[in-house]
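Asks: The structure's right below; bear with me while I get my questions together.
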Amino acid sequence: MAKDFVLHRVQGIADHNLPAEMLREIGRLMVRWAQFEYSVQQTVWETLGVTPAQGRIAIREPRVPDRLEMINDILSLRNATWDGSLYTSIIAKSRRVNAFRDLMAHGIWGQHDGAWHCQLSRGS
């Protein structure tokens, strides 16, 4: 069941003094996502048959969903297969987690009505 959200544009002073437990969890998210990104990138290099050093030179560093699509395309070119439903599930989840990660990493933190909020600030 979808949740309903009410969005407000909150203006005020950004606060970087988040509680330690929030900072810890944000840090965990960043580190775990970096490990996932690296694992997917290693899979790209292994699928292409290049070393990590060659891969870092020759292959662009796209976002994880793009890397997963790259792996899928490489496997298709090599007439290989993998679990399509698992691939679809991972790519969908990676898009959601990546958006959440970007919000945590680049959002503006502040308190409003006694609760912490993170606001994405970009574009127009």
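Asks: For the chain, with only Lys/Arg (+1) and Asp/Glu (-1) charged at the beta-carbon, what is the dipole magnitude about the Cα centre, in debye rounded to 20? Show your work: numbers first, answer last.
Replies: Numbers: 15 positive and 13 negative charges, 21 e Å.
Dipole about the Cα centre, nearest 20: 100 debye.
Asks: How do Arg24, Arg67, Arg95 line up, fewest other C-beta atoms within 10 Å first?
Replies: Arg24, Arg95, Arg67
Asks: For the peptides 29-37, 54-62, what is the packing order when you average, over each peptide's residues, the other Cβ atoms within 10 Å and list the highest mean first?
Replies: Ranking the peptides 29-37, 54-62 by packing returns 29-37, 54-62.
Asks: What FRET efficiency comes out for Thr88 versus Ala58 if R0 is 22 angstrom and r is the Cβ-Cβ distance? Round to the nearest 0.05.
Replies: The formula returns an efficiency of 0.20 here.
Asks: While we're looking at this one, here's another question. Would you mind computing, in nm to one decimal, how far apart the modelled labels at Glu21 and Leu77 are, each placed 7 Å from Cα along Cα→Cβ?
Replies: 4.9
Asks: Work out the length of the dipole vector of the stretch 54-124 about its Cα centre, built from +1 on the beta-carbon of each Lys and Arg and -1 on the beta-carbon of each Asp and Glu, and round it to the nearest 20 debye.
Replies: Approximately 140 debye in magnitude.
Asks: Sort Val64, Val44, Val97 by Cβ crowding within 10 Å, fewest neighbours at the top.
Replies: Details: Val64 21, Val44 18, Val97 15.
By the 10 Å Cβ count, ascending, the order reads Val97, Val44, Val64.
Asks: Give the order of Thr43, Thr51, Thr81 when sorted by the count of other beta carbons within 10 angstrom, beginning with the fewest.
Replies: Thr81, Thr51, Thr43
Asks: Still on this structure: Which angle from 0 to 90°, rounded to the nearest 10, does the C-alpha axis of helix 64-77 make with the longest principal axis of the chain?
Replies: Its long axis makes an angle of about 10 degrees.
Asks: Once all Cα-Cα distances of the chain are split into 5 Å bins that start at 0, what whole-number percent is in each one?
Replies: In order of increasing distance, the bins hold 2, 9, 15, 17, 15, 14, 10, 8, 6, 3, 1, 0 percent.
Asks: Grab the DSSP H runs of the chain that are 4 residues or longer, score each as -39,500 (n - 2.57), total them, divide by all residues and round the 222 nm result to the nearest 500 deg cm²/dmol. Let's see the in-between values first.
Replies: Numbers: 4 runs with 73 residues, N = 124.
Estimated from H runs of four or more residues: -20000 deg cm²/dmol.
Only the coordinates and a few stated rules stand behind these numbers; no lab work does. Keep in mind the model is a prediction, meaning the values are calculated, not measured. So basically every Cβ, Gly included, is an ideal-geometry build from the backbone, and we count neighbours across all protein chains shown.
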